[in-house]
Amino acid sequence: MTRDQALFEFLCRMGDNTLILGHRVSEWCGHAPVLEEDIALANTALDLIGQTQLWLGLAGEVEGEGRDADKLAFHRDAWDFRNLLLVEMPNGDFGRTLMRQFLFDAWHTILLGRLMTSSEPRVAEIAEKASKEAAYHLERSADTVVSLGDGTEESHARMQAALDYLWPYVGEMFVADAVDQAMAEEGIAPDPASLRPEYDALLGRVLKEATLIIPDSHFAHKGGRDGRMHSEHLGHLLTQMQWLQRAYPDARW
Amino acid sequence: MSQTQDRPSVQQIWDWLGQVPDPEIPVISLTDLGIIRDVDWQGDTLVVTVTPTYSGCPATTIINLDIETALRGHGIEKIELKRQLSPAWTTEWLSEAGRAKLEAYGIAPPQPASGPERCPHCGSTHVEKVSQFGSTPCKATWRCRDCLEPFDYFKCI
């Protein structure tokens, strides 16, 4: 694997996370419990999809085979996606959506902070832009997790159930493979495992305030970020997201 | 040589860009918003460097189109638009004039304390947050507890 092949994989991971989560969050548009939340969710999705254009745009540039962000987003099938399994999990109820967002935002802000000092300037400048947006997302998702966790009996129970359900998908964020090793050696991206202490500290703080209990298990579902085994949910998501480009290839506005 | 003499000065271009309204908040101009980072002649091509406010802001494409249209209207033929991500846009780049225009329009300008200083309608400091997000990526939704009017707050980033 050359440097650029590894960099392409890394950029697809970054862009596929924001693309798939952005799409998932956008599924709430017009369905959120109140108007303000609907707007907040749609804005979050918009930021994530904007970041996707930057990451996948750069991926296409590094690959050098003429694929742009749209081609990568709409013309690949499930096995070519490199997102964490966490972000393809269905929305569930509002609480689960916000818990998933919090678990992702916490990791995303820490990672983007590190990427701002990447040896690859094109990665550093996207991280600089995205980290401002991610910090704003984290502020909201953490606040909401606390409000709902430390809320009514019903909201507390739902948030605990959401955390229990999503917890096995957290571990995948911190597992390294050859791509990560290559990125770390080049100084392009940090070793994923090195983010864990800061992540655990942040989660511990927020979830304690939310009166929620972190499950006592390190079991982790894997296979998303290396594309080995996505969940069945990704394929269903793609049938919606890619429908127009599949039915009318290369259709443009 | 004659081309160099004929072409409008960089200051002139900045003045023209100062007349191009933001497509979503038309009371302020693109220069008020602080997203035009550089204007430079490279030979007979005018290079305008623009930075996005938010990475997913749908206005970005329209803004580029508006810049081109305005400059072509002033007779400039060769225009290159360059996207610059770093340094990332910050609301500190909003001009003083832009901040005043926002408030007069009913949008509270950004404050480092991350909340509006006062209601843009009645001036009361008795305000509360309704949502961290609003009608465009750059705004949040607030409400005045005295005049009871809702209003937009320009997020501080």
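The values are calculated or read from the model by the stated rules, or taken from the named source; none is laboratory data. Just so you know, these numbers come straight off a predicted model, no measurement behind them. Don't worry about glycine lacking a Cβ; one is built from the backbone with ideal geometry, like all the others, and counts go over all protein chains shown.
Looking only at residues in segment A:1-41 that are among the charged types (D, E, K, R) and under 19 Å from residue A:88 (Cβ atoms), which one is surrounded by the most Cβ atoms within 10 Å (Cβ to Cβ)?
A:16
Answer with yes or no whether residue A:156 is more than 15 Å from residue A:25 (Cα to Cα), away from chain B (no Cβ under 14 Å) and modelled with pLDDT of 95 or more.
Numbers: more than 15 Å from residue A:25 (Cα to Cα): yes; away from chain B (no Cβ under 14 Å): yes; modelled with pLDDT of 95 or more: yes.
Taking the combined requirement at face value, the residue satisfies it.
Being of a type outside the set (A, V, I, L, M, F, W, C) and away from chain A (no Cβ under 14 Å) is the filter here; which residues of segment B:143-157 pass it? First the steps, then the outcome.
In the first step, residues of segment B:143-157 are kept if they are of a type outside the set (A, V, I, L, M, F, W, C); the result is B:143, B:145-146, B:149-150, B:152-153, B:155.
Of everything in segment B:143-157, those that are of a type outside the set (A, V, I, L, M, F, W, C) and away from chain A (no Cβ under 14 Å) turn out to be B:145, B:146, B:149.
Looking at segment A:83-106, is at least one residue at pLDDT 95 or above, outside any helix (DSSP H, G or I) and aromatic (Phe, Trp, Tyr)?
Scanning segment A:83-106, I find no residue that is at pLDDT 95 or above, outside any helix (DSSP H, G or I) and aromatic (Phe, Trp, Tyr), so the answer is no.
Kindly state which helices (runs of 4 or more DSSP H) lie completely within segment A:129-222 and contain at least 1 residues that are within 20 Å of residue A:108 (Cα to Cα) and free of Cβ contacts under 8 Å to residues at least 12 places away in the same chain. Steps first, answer last, please.
Values: elements: A:153-166, A:178-186, A:196-209.
Output list reads A:178-186, A:196-209.
Can you give me the number of residues within segment B:65-89 that are within 14 Å of chain A (Cβ to nearest Cβ) and either farther than 20 Å from residue A:124 by Cβ or not charged (D, E, K, R) (or both)?
7
With the structure loaded, tell me whether residue B:116 is at negative phi and in contact with a Leu (Cβ under 6 Å, 6 or more places away or on another chain) or whether it fails that test.
For residue B:116, the condition - at negative phi and in contact with a Leu (Cβ under 6 Å, 6 or more places away or on another chain) - is not met.
Sort through A:74, A:81, A:102 and tell me the only one that's among the hydrophobic types (A, V, I, L, M, F, W, C), over 30 Å from residue B:142 (Cβ atoms) and either surrounded by 22 or more Cβ atoms within 10 Å (Cβ to Cβ) or within 14 Å of another protein chain (Cβ to nearest Cβ) (or both).
Just one listed residue meets the conditions, A:81.
Restricting the search to segment B:121-137, which residues are more than 21 Å from residue B:23 (Cβ to Cβ) and either more than 14 Å from every other protein chain (Cβ to nearest Cβ) or in a loop (DSSP other than H, G, I, E, B) (or both)?
Within segment B:121-137, B:121, B:122, B:123, B:124, B:125, B:126, B:127, B:132 meet the criteria.
Can you go through B:113, B:140, B:100 and tell me which one is outside any loop (DSSP other than H, G, I, E, B), of a type in the set (A, V, I, L, M) and more than 10 Å from every other protein chain (Cβ to nearest Cβ)?
Just a single option satisfies the conditions, and that option is B:100.
Is there a residue being within 14 Å of chain A (Cβ to nearest Cβ) and in a loop (DSSP other than H, G, I, E, B) anywhere in segment B:23-41?
yes
Within segment A:31-82, how many residues turn out to be closer than 27 Å to residue A:147 by Cβ and either acidic (Asp, Glu) or not in a helix (DSSP H, G or I) (or both)?
Here the count works out to 8.
Can you pull out the residues in segment A:90-99 that are of a type outside the set (Gly, Ala, Ser) and either more than 21 Å from residue A:212 (Cβ to Cβ) or surrounded by 22 or more Cβ atoms within 10 Å (Cβ to Cβ) (or both)?
Residues satisfying the conditions are A:97, A:98, A:99.
Working only within segment B:17-27, note down all residues that are surrounded by 13 or more Cβ atoms within 10 Å (Cβ to Cβ), at pLDDT 95 or above and out of contact with any helix residue (DSSP H, G or I) (no Cβ under 6 Å at 6 or more places or on another chain).
B:21
For the subset of segment B:67-88 comprising residues that are surrounded by 15 or more Cβ atoms within 10 Å (Cβ to Cβ) and touching a Phe, Trp or Tyr at 6+ places or on another chain (Cβ under 8 Å), which member is nearest to residue B:121 (Cα to Cα)?
Among those residues, the one meeting the criterion is B:70.
Do you know which residues across segment A:46-63 are within 8 Å of another protein chain (Cβ to nearest Cβ) and surrounded by fewer than 24 Cβ atoms within 10 Å (Cβ to Cβ)? First the steps, then the outcome.
As a first pass, look at segment A:46-63 and keep what is within 8 Å of another protein chain (Cβ to nearest Cβ): A:46-51, A:53-54.
Correct list: A:46, A:49, A:50, A:53.
Residue B:152 fails exactly one of the following numbered conditions: (1) touching a residue at least 40 places away in the same chain (Cβ under 8 Å); (2) part of a helix (DSSP H, G or I); (3) of a type in the set (Asp, Glu). What is the number of that condition?
Tallying (1) touching a residue at least 40 places away in the same chain (Cβ under 8 Å); (2) part of a helix (DSSP H, G or I); (3) of a type in the set (Asp, Glu), residue B:152 fails exactly one: (2).
Given the criteria within 17 Å of the chain's Cα centre (by Cα) and farther than 23 Å from residue A:129 by Cβ, does residue B:88 qualify? Can you show your working first?
Numbers: within 17 Å of the chain's Cα centre (by Cα): yes; farther than 23 Å from residue A:129 by Cβ: no.
No.
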